[in-house]
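Quick notes on the structure that follows.
Quick note: the coordinates plus some simple rules give every number you see, no bench work behind them. Nothing here was measured: the structure is a model prediction, and the numbers come from that model. With ideal geometry, Cβ positions are generated from the backbone for all residues, glycine too; neighbour counts draw on all protein chains shown.
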Amino acid sequence: MFWGLLHVTTISNIDLHCHTTASDGAYSPEQVVARAYSRGLNVLAITDHDVVGGVAAAQAEAQRLNALLLSGAPEAPVESYIKPSAQVQGVEHGTLERSAAERLLTVVPGIEISTTWRDEQIHVVGLFIDITNDKLQTLLTQQKVLREERARAIGEKLDRLGFSNSYERCKDKAQEGAAITRGNYARFIFEEGKAESSDAAFNQYLKRGQPAYVKTEWIAIPEAVAAITAAGGVAVLAHPRRYKISNGRLRRLCKEFKECGGRGFEVASSQQKQLDFEYLVQLCVEFDFLASLGSDFHTDNIYRDLGQNLALPDALAPVWRCPEAQQFGLAPELQQRRVILTYAKGNDAL
Ligand code: AMP
Ligand code: MN
Ligand code: MN
Ligand code: MN
């Protein structure tokens, strides 16, 4: 077989960015945790938009499933991400077969805070946070008011465009107290059969310039960073290549983020081009950031799943090696285990 006809992907055992039904993820915290075991993860951060409502349930589920693994119970989680049509090319920093003790999962409490920077929506991920911290809670209450107002306004616009009870129906699908984002509405529009995909729904209705777009002024980056830091966490600039800004502005953003106490940089995202990844590696070194990685998993998507395509160069300083991470039980010697898989193009092997 020609190499050119093969897809190559890696599955990482560490993933520090994903969503649950506490915001716009399609799966409950328990389901996301179950998926993490089935995909061979050892560390998963739950980072919902402006809410921490999924963290406790995810941690409890991991505790329950870790106990099942250690006791060798028949209902203990199994790994099932390597489909028969895929081939394992190698494993970096680890072995393919692992004992139960090597398959335990740590859930890291996290958040993804929406901010506005020069008229652009910038996302700041907080990792290793104390979710009960007062300063963080105050900021989240503030964001919740903004989100609710906006979600209702979007719902009203959609209702005027021919949908019915859009807001209430999105609320019903998400968990109690959930943050309703445009991601929830995109899926709703798709499920109503009014767009070919969530992506198309987003582009036709929800993005700037489209009929159900509602502008919001989120908090400023330094406020988000300060709240994350006050909660004992590390602030990470999320998916820096996804913003529609020039390289010059991105550098400016990095500089300002660093100056206000931002320490981490999300170098690897599941759905990211190699050139973008390489540019982010360069910026990470230049600004002396701690390297982070995250799938940004929301729902079933063959290009964006837990642990997928998140290989970090070993030369970068990883965010999980900071003292804050150790408080959550991550050993300083923890390495990113990477399972390298190939599968034939056109073959839905992953
Ligand atoms: P919001 O924070 O309410 O502005 O919503 C942003 C969310 O919308 C993101 O976190 C994504 O989950 C989702 N989103 C962004 N772009 C798209 C897209 N092109 N297709 C579908 N969902 C998207
Ligand atoms: Mn984001
Ligand atoms: Mn989202
Ligand atoms: Mn996200």
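Treating cross-link reach as a plain straight distance, find the lysines whose alpha-carbon is under 26 Å from the alpha-carbon of Lys173, omitting any fewer than eight places away in the same chain.
Excluding near neighbours in sequence, the set is Lys144, Lys157, Lys194, Lys207, Lys215.
On C-alpha positions alone, give me the angle between the axis of helix 182-191 and the longest principal axis of the chain, in degrees, nearest 10.
90
Can you tell which of Ala101, Thr47, Gln326 lies farthest toward the positive end of the dipole of the chain, using +1 and -1 charges on the Cβ of basic and acidic side chains (Lys, Arg; Asp, Glu)?
Thr47
Percent of Cα-Cα pairs per 10 Å bin, from 0 to the last occupied bin, for segment 271-350, please list those.
For segment 271-350, the binned pair fractions read 15, 40, 34, 10, 1 percent.
Whole-Å semi-axes of segment 213-350's equivalent ellipsoid, largest first, each the root of 5 times a Cα gyration tensor eigenvalue? Before the final figure, lay out each step's value.
Numbers: eigenvalues 133, 83, 48 Å².
Values for segment 213-350, descending: 26, 20, 16 Å.
Any idea how far the Cα center of segment 245-269 sits from the one of segment 155-217, in Å?
30
Setting aside same-chain residues fewer than 8 positions from Lys83, which aspartates and glutamates have a Cα under 13 Å from its Cα?
Counting by Cα, and skipping residues close in sequence, Lys83 has these aspartates and glutamates nearby: Asp348.
Under a point spin-label approximation (7 Å from Cα along Cα-to-Cβ), what is the Ser99-Ser38 distance to one decimal in nm?
Roughly 2.7 nm, to one decimal.
Relative to the longest principal axis of the chain, what angle (0 to 90°, nearest 10) does the C-alpha long axis of helix 247-259 take?
With both axes taken from Cα atoms, the answer is about 80 degrees.
Given the Cα atoms of segment 218-281, and with Rh set as the inverse mean 1/r over their pairs in the Kirkwood sense, what is Rg to Rh to two decimals? Working shown, then result.
Working: Rg = 12.3 Å, Rh = 12.5 Å.
That ratio equals 0.98.
Over segment 79-198, what portion of Cα pair distances is larger than 20 Å, expressed as a whole percent? Intermediate values should be presented prior to the final figure.
On the way: 4506 of 7140 pairs.
Everything past 20 Å amounts to 63 percent.
If a paramagnetic tag sat 7 Å from the Cα of Asp134 along the Cα-Cβ line, which residues of segment 204-230 would have the backbone N under 18 Å from that point?
Flagged as within label range: 226-230.
Once the chain is represented by equal point scatterers at the alpha-carbon sites, with solvent omitted, what log10 I(q)/I(0) does the Debye formula produce at q = 0.09 Å⁻¹?
Rounded to two decimals, the profile gives -0.48.
Name the residue, out of Ser38, Ser166, Ser197, whose mean-square fluctuation peaks in a Gaussian network model built on the chain with Cα pairs under 10 Å.
Ser197
How far apart, in nanometres, would the label points at Arg152 and Ala344 be if each is projected 7 angstrom from Cα along the Cα-to-Cβ direction?
5.6
Report, in whole Å, the centroid distance computed from the Cα atoms of segment 42-58 and segment 279-350.
17
Note down the nm distance, to one decimal, between modelled labels 7 Å out along Cα→Cβ at Gln335 and at Ser80.
3.0
Once both axes come from the Cα atoms, what is the angle between helix 29-38 and the longest principal axis of the chain, in degrees from 0 to 90, rounded to 10?
30
Which of Gly233, Gly53, Gly94 moves most in a GNM of the chain, Cα contacts under 10 Å?
Gly94
Rg/Rh for segment 67-147: what does it come to with C-alpha atoms and Rh from Kirkwood? Spell out each step's value before the answer.
Details: Rg = 20.1 Å, Rh = 17.3 Å.
Rounded to two decimals, Rg/Rh equals 1.17.
Using only C-alpha atoms and all pairs of different ones, pull out the Kirkwood radius for segment 175-218 in Å with one decimal.
Result for segment 175-218, one decimal place: 10.8 Å.
Could you put His17, His7, His49 in order, starting from the residue whose Cβ has the fewest other Cβ atoms within 10 Å?
On the way: His17 28, His7 15, His49 23.
Going from least to most buried by this count: His7, His49, His17.
Got a sec? Which residues in segment 254-274 would a label at Ala315 touch, if it sits 7 Å along Cα→Cβ and we count backbone N under 17 Å?
Correct set: 267-268.
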